[in-house]
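Report on one structure; see the data block that follows.
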Amino acid sequence: MGLTGGLMGAVFGNGGAILRETAEVFRENAENAAERQANAGAAALAQYAAEFERHERRGRFDLFMDGVNRLPRPALALGTLGLFVAAMVDPVWFGSRMSGLALVPEPLWWLLGAVVSFYFGARHQLKGQEFQRSIAQTIARAPVVAREIDAVMPDRRVPSDKKPSDNAALDEWRAELGR
């Protein structure tokens, strides 16, 4: 055993450390890669949540401006319906107003279209970012919720709606797990 043990000790070193280090030159350590990936994901979520955290602290002016920003869409919708009502109630008055609109130069219509498009586009982007922030916060809280559920119900079993398979060993293993 002396020569064989010495040879094996030289090849495998301290618990196979030399062989493991040599293998890691050619193939990435899966456990370390998974840990790095989990750390990178957690860091990205934390950065994303911190980026939008400042929007949570809103003052009276911000709340007032948010209320003002909610006015244009209902005003446009109600104004359009009002135009139909005005056309039916007093067609002469409506016709004179529409004749006035016909005199507005085309570049001014383009400018109005650009202003309205930018307003609604910016509003859409803001709402999209708020939605993404809320999703990031929910995802960031998921591990905490899972830990709390495990603390309250440590021996909970995940229900499985799997039918028995053709693999008896797999069925036995599932039965041992209580699934």
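The values are calculated or read from the model by the stated rules, or taken from the named source; none is laboratory data. Because the structure is a prediction, the values reported are computed rather than measured. Here the Cβ positions follow ideal geometry from the backbone for every residue, glycine too, while neighbour counts run over all protein chains shown.
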State whether the residues of region 57-69 include one that is small (Gly, Ala, Ser) and surrounded by 10 or more Cβ atoms within 10 Å (Cβ to Cβ).
no
Go over the candidates 74, 154 one by one and state the one that is surrounded by fewer than 11 Cβ atoms within 10 Å (Cβ to Cβ), outside the structural domain of residue 49 (by TED's automatic domain parsing), without any contact (Cβ under 8 Å) to a residue 24 or more places away in the chain and not in a helix (DSSP H, G or I).
154
Could you go through region 81-98 and let me know if any residue there is part of a loop (DSSP other than H, G, I, E, B), more than 29 Å from residue 135 (Cα to Cα) and not assigned by TED's automatic domain parsing to the domain that holds residue 143.
yes
Looking at this structure, is residue 101 within 19 Å of residue 116 (Cβ to Cβ) and either touching a Pro at 6+ places or on another chain (Cβ under 9 Å) or surrounded by fewer than 11 Cβ atoms within 10 Å (Cβ to Cβ) (or both)?
yes
